[in-house]
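Comments concern the structure below.
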Amino acid sequence: MTVAAARVPAASTPSFIGGMSRRAKVIWTRRLVLLGLVVAFEIYARFIGNPRLFSPPSAIVYALFDEILVDPRIRGAIYQAFTEVLVAYVMAIIIGLVVGLSVGWSNFGRRSFYPIVILLYAIPQVILLPLFVLTFGIGPACKIAFGVSHGIFPIIVNVVAGMRNVNALYLRSASSMGASNFDLARHVYFPHMVPSLFAGLRLGMTLTLLGVILAELYVSTGGIGYWTKLYAETFDPAPLFALIAVLAVMAILLNELVRIAERRFTRWRN
Amino acid sequence: MNDQANFTTRSIQVAFLAIMAGVWYGLTKTGAVTPLFLPPMDIVYATFMRLVQTGQFWSAVRVTLFTIAQAWIIAVVAGLLVAYLVTRSRHWTAVMEPLIASTFAIPLTLLFPVFILFFGIGPASKVAYAATYGFFPVALITIAGLNSVDERYLRAAKSMGASSFDTFRHVLFPAAFPVILTGLRVSFFISFASVLGGETLSSAAGVGKAISLAAELMEPARMYAWIVFVIITAVSLNFIVSAIENRRREY
């Protein structure tokens, strides 16, 4: 399903004819839209909405500094989730690259094993979550494993897709000049599959985050899941929204890092 | 030669499934894995057969299907509406498309506790959660589809006196239709997974709840019966949808 989503660039800005001023206008409108949303939310929560469900943004910011960031237990939970995402992501990249390269290496591998990968990708993995908890316990191992199992698929799929796009002539000429398999991977496959690889890495990051957070929310006896459950069940929206905001910022930063890396490595193409 | 290659790849895929089944059988029959983690296949099958005969099974399936349908319909209507409104001007497309796209890059699962807070643990929270997740692919892919319609068609329609709704009804929508269908498909599978996920996380009923309940009660045979049922359903749905798409492409 995400293969098709990958075809739509995550943040494609349509090209402008009008030049800078038009672009600036767009950026300022966007800021105004965001500001308007925050103000509308503030007014709604303060005067109309049920205070047990809605919390104005100002109260959320207050709760962020008064309840979330000062509590070492919550800070620990956030830090743990962050570490889990990083470890899971690194493992997903390594496993995804190894599997992707070995599946995509030959026509035979692509035709026989790629459909199996696609088949596995089609399974809604969230139903396996209880199984992961049974196997790995309720600690970080389960969340990392679940993050990895989500993150590897877009990486494998995009590595294989990227290798398919390499011109066979380059491969033949490189091997005729005596390139080893490693040389082929390093000097022919890698440079050509960079765009596709990074599309996979970006989606892989999104899905790793999804997997880790799903597992964190499922295990509600500790970590982030405990706190979100506590706040939701005691109808205390301000710290709930604050905690979610912290995690959303973490997700945005990690996504941005991947995108910066992508821009660096694909610059030579343009 | 092509048939030969097809035969080889098909047999490798069948062999893969056979090996998986063999590993499952071997691990459980030799006692290498306790039945608590992985019960033998025949027991899972027997449990599934018993499960299907209970009213419990069909009521859980009905709840889940109904939740998915509601969530998907809301996602599709909202997504198409937003895409239509946003693409009416280039300026608003440029303003809103990156906002929608970057929101979709955040794991929206984070909002799940908020939906529980708002709607409780009944199906309503799952509908809201899955509809939110399903909205984004419809909106983003439809925006992309509507934007890629050839400018000349629009100009031609306008020069022949079509109103903006006429243009949408007779030019934009039909031209972007294949792309929009992709959005609907992606959205369906995301809604499907989100409903199951929401039910697994926190719910009173449904298939996801049945799985997590079986896990909590340490009834692995029942859990595997459900899991295998969901996997087979999801994979068959995928096969059907891609078969339809291939047929259409040939056509």
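The values are calculated or read from the model by the stated rules, or taken from the named source; none is laboratory data. Only a predicted model underlies this, so the values are computations on that prediction, with no experimental measurement involved. Neighbour counts are summed over all protein chains in view; Cβ atoms, including those assigned to glycine, are modelled from backbone coordinates with ideal geometry.
When you go through A:V85, A:V103 one by one, which is the residue that is modelled with pLDDT under 90, crowded, with 20+ Cβ neighbours inside 10 Å, in the same structural domain as A:A238 (by TED's automatic domain parsing) and assigned to a helix (DSSP H, G or I)?
Working: A:V85 fails: modelled with pLDDT under 90.
That would be A:V103, the only listed residue that is modelled with pLDDT under 90, crowded, with 20+ Cβ neighbours inside 10 Å, in the same structural domain as A:A238 (by TED's automatic domain parsing) and assigned to a helix (DSSP H, G or I).
Taken over segment A:220-241, residues that are more than 10 Å from every other protein chain (Cβ to nearest Cβ) and crowded, with 24+ Cβ neighbours inside 10 Å amount to 3.
Could you tell me how many of the residues in segment B:77-93 are in contact (Cβ under 8 Å) with a residue 60 or more places away in the chain, crowded, with 20+ Cβ neighbours inside 10 Å and either part of a helix (DSSP H, G or I) or touching a strand residue (DSSP E or B) at 6+ places or on another chain (Cβ under 8 Å) (or both)? Of the residues in segment B:77-93, 2 are in contact (Cβ under 8 Å) with a residue 60 or more places away in the chain, crowded, with 20+ Cβ neighbours inside 10 Å and either part of a helix (DSSP H, G or I) or touching a strand residue (DSSP E or B) at 6+ places or on another chain (Cβ under 8 Å) (or both).
If you go through segment B:146-171 and pick out every residue that is closer than 21 Å to B:L81 by Cβ and either free of Cβ contacts under 8 Å to residues at least 60 places away in the same chain or touching a Cys at 6+ places or on another chain (Cβ under 9 Å) (or both), you end up with 11.
The residues on offer are B:V44, B:V23, and the sole one that is touching a residue at least 12 places away in the same chain (Cβ under 8 Å) and either in a helix (DSSP H, G or I) or under 29 Å from A:P130 (Cβ atoms) (or both) is B:V44.
Meeting the requirement of 1 or more residues that are in the same structural domain as A:V87 (by TED's automatic domain parsing), in contact (Cβ under 8 Å) with a residue 60 or more places away in the chain and more than 22 Å from A:I93 (Cα to Cα), the helices (runs of 4 or more DSSP H) wholly within segment A:135-229 are A:190-218.
For B:T182, the criteria (1) part of a helix (DSSP H, G or I); (2) more than 7 Å from chain A (Cβ to nearest Cβ); (3) of a type in the set (S, T, N, Q); (4) in contact with a Gly (Cβ under 9 Å, 6 or more places away or on another chain) hold in every case but one, which is (2).
Do we find that B:E199 is among the acidic types (D, E) and buried (at least 18 other Cβ atoms within 10 Å of the Cβ) in this structure?
Details: among the acidic types (D, E): yes; buried (at least 18 other Cβ atoms within 10 Å of the Cβ): yes.
Yes, satisfied.
Within segment A:35-62, residues that are at negative phi and surrounded by 14 or more Cβ atoms within 10 Å (Cβ to Cβ) sit with their Cβ atoms under 6 Å from residues that are in a helix (DSSP H, G or I) and basic (K, R), at 6+ positions apart or across chains, in these pairs: A:P56/A:R46.
Being of a type in the set (G, A, S) and in contact (Cβ under 8 Å) with a residue 60 or more places away in the chain is the filter here, so list the residues in segment B:47-71 that pass it. Hits for segment B:47-71 are B:S59, B:A60, B:A71. Here B:M49 meets each of (1) in the same structural domain as B:F135 (by TED's automatic domain parsing); (2) surrounded by 11 or more Cβ atoms within 10 Å (Cβ to Cβ); (3) in a helix (DSSP H, G or I) with one exception, condition (2).
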